[in-house]
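So the structure is just underneath, and the comments pick up after that.
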Amino acid sequence: MWLKTPKVFYSLIPAVVAMLLVAGAVMVHNQYKAAIQSQIIAYQQTELEIVRVVARSIEAYVQVQVGTLKRTDIAQIEEEIFTQFIAPIHLLEKGDAWIYAPDHVVFDPSSDFPTEYRGKSMAEIFILQSPHGARNYEAMTEAVMTGKEGVGSYIWLPDKGEEIAAWTPVRVNNLVWTVGISTPLPEIIAASGIDNQNQLSIIGLIVVGLISSAVHVLWLTNVRRWQRMEAEFQTNQQALYRAQKMESLGVLASGVAHDFNNLLVGITGQAELAKVKLSPNSPARAHIDHAITAARRAAELIGHLFAYTGQNQPEVTAIELNELIQNNLMLFQAAIPKSIELVSDLFVPLPRVNGDRGQIQQVLMNLIINAAEAIGQNRGKVTVETALTEITSLNWGQSMPTNEPLYPGPYVVVTVKDNGSGMDADTLSKIFDPFFTTKFTGRGLGLASVLGIIRSHKGGIEIQSTPGVGTQFKIFIPAAIEEAAEAVDEHPIIDEDYDKLILIIDDEEFVRSAAAGMLRVKGFDVVTVDNGEDGVDFFRSCPEEVGLVLLDLSMPGMTGEETLAQLRAISPTTAVLLSSGYSQSTLPQRLKELGATGFIAKPYTSDQLHLAIRQYLQSSPV
């Protein structure tokens, strides 16, 4: 075949190769530009997911401060928001997190933020920055001033280049802020490795072109091979991006959960101490009980963040579903518009179910919010019902979304129904798919998480929906087998002749104050120190007088691990109870090898702390 080819064909090969090289160079350049644009879009979505998580955390915090604690010192709350939620966020080395109110920037008084910019709005700040090279900020400024969510780019300093940003509003009552993250585009490109891949693509194209000049068929073969490699590379890049995104969200969620848990120790502890000092008939006791209940629910929500990062396992307990629903009706009602009536119809007597209380509450919240959103701004009703049913092989099919059959036996049924817009068959077939949503701002994870939780509880879901009529979700959870409960002393009292000290080592003053107060009420003598060095020095001065050390793991200066090692060098037998806002599953094995006696997770209640102290007071290291 090649011998029969006219010689003029071979003379044309260099020209063809040159044309192909030019065309290939253009293609690589366009792919490079497309890869950068794709990376920008992906990174903006990552930033947007992060600021949404932070915004919801800030809303919960401000709701507690303003709604529950009735604080009016907004400037101080803003400073706390910046310190606890904004300052710790760092996606890449030069990335920044920020928060603006419509009329001023929120800042940390100890930061190096220019003095002349403080107290000014974003628009005013960018105008001041314009002589230094700031530009392309108008769209973002308008969104921030009006409290709208969005993504975009701008230039603050020419040396940093274009910055990729995402922002979302924080709304609590009449308070509005906007939380955002900005990252220089050059740093995003460098972290993604697009430049290196572009260079490799160009080199590969040149090699392919040179080979094509010798053997046309081999050139075609290598083009196909390059295309396959490019497709695999794109697939790997997408997988890497997803992994990095999940890791970033996991680190953020874990850090937010840790800080919240420290705060909740102080909130719960001080509330319980205040309750102890009130008379039994004081009308303030009911308000304090509500505050303690709210703090415990906040702790359960923080548990969801740890579960999201894979740092803990669900805690299965016997749950009274009727009680859970009744206790949360006000919370559920607050989450939906006032134009929608939320009613309950609970079956009595209803057996308990075995499950994770926080996860079941999450299921109910997701279904109620979905029902309310189906009604929209119209007047409507959402009904929550409970019932008891018997599942047999004759009355349960194989078409439920969990794709797993239910074992025969008694089941508790929770029904959430609405008179909203309903769904057609096509929508019903997709509602449990991750990231599928019919809402403009939805993430498509609510019903997917409901499905996962119910599947993990060995339960089932049944859905009925008619367009224009409404939707009904039925959740089936196996009824628990009741067993005789052993009598447990929930409020043990310390022996009156116990004369040893409890040493608390924690860098957070409100944690030390709360824990010390809890223990003193129970009859313990307590000494507190705010760092590992002073704690070791005090313990060294009187090791025989200390019965137990309550040691925080996350401290500046001498770490919890270093403090534990020095305590063990002084006394191998004194009980050391570790405490942290992080999950116990993240504890390094070395802490156990150093002789940690036990662990108590923050936040803890007075009874939980007392029980842990009594359990480990005379324990040897494990």
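Quick rundown of the values:
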{"item": "Accessible-area order (highest first, 1.4 angstrom probe) of the listed residues Glu230, Glu533", "result": "Glu533, Glu230"}
{"item": "20 Å Cα-Cα threshold exceeded, pairs from Lys338/Lys430; Lys70/Lys275; Lys430/Lys474", "result": "Lys338/Lys430"}
{"item": "The stretch 541-581, accessible area per residue, ligands and nucleic acids excluded (1.4 Å, Å²)", "result": "34"}
{"item": "Burial ranking of peptide ranges 366-375, 408-417, 540-549 (average Cβ count within 10 Å, highest at the top)", "result": "366-375, 408-417, 540-549"}
{"item": "Cut-off under 5 Å, modelled amide H: who pairs with Thr528 long-range", "result": "Ile504"}
{"item": "Largest to smallest accessible area among Glu162, Glu93 [probe 1.4 Å]", "result": "Glu93, Glu162"}
{"item": "Ranked packing of 333-340, 468-475, 521-528, 180-187, most packed first, by mean Cβ within 10 Å", "result": "180-187, 468-475, 521-528, 333-340"}
{"item": "Accessible surface of His290 - all protein chains present, 1.4 Å probe, nearest 10 Å²", "result": "120"}
{"item": "Heavy atoms of Val450: accessible area, 1.4 Å probe, square angstrom to 10", "result": "0"}
{"item": "Three principal axis lengths of the stretch 78-199 [C-alpha, angstrom, descending]", "result": "52, 31, 29"}
{"item": "Largest-first ordering by accessible area, 1.4 Å probe, given options Lys602, Lys160", "result": "Lys160, Lys602"}
{"item": "3J(HN,Hα) from dihedral phi, the stretch 145-161, Karplus parametrisation 6.51/-1.76/1.60, rounded to Hz, x for glycine, proline", "result": "5, 9, x, 10, 7, x, 10, x, 8, 7, 10, 9, 10, x, 5, 7, x"}
{"item": "Segments 270-279, 559-568 sorted - mean Cβ within 10 Å per residue, highest first", "result": "559-568, 270-279"}
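The values are calculated or read from the model by the stated rules, or taken from the named source; none is laboratory data. It should be emphasised that the depicted structure is a prediction, and the values quoted were computed from it without experimental measurement. Note: ideal-geometry Cβ built from the backbone for every residue, glycine included; neighbour counts use all protein chains shown. To get the accessible areas, we keep the full protein, side chains included, count just its heavy atoms, and leave off ligands, DNA and RNA. Shrake-Rupley method; radii C 1.70, N 1.55, O 1.52, S 1.80 Å.
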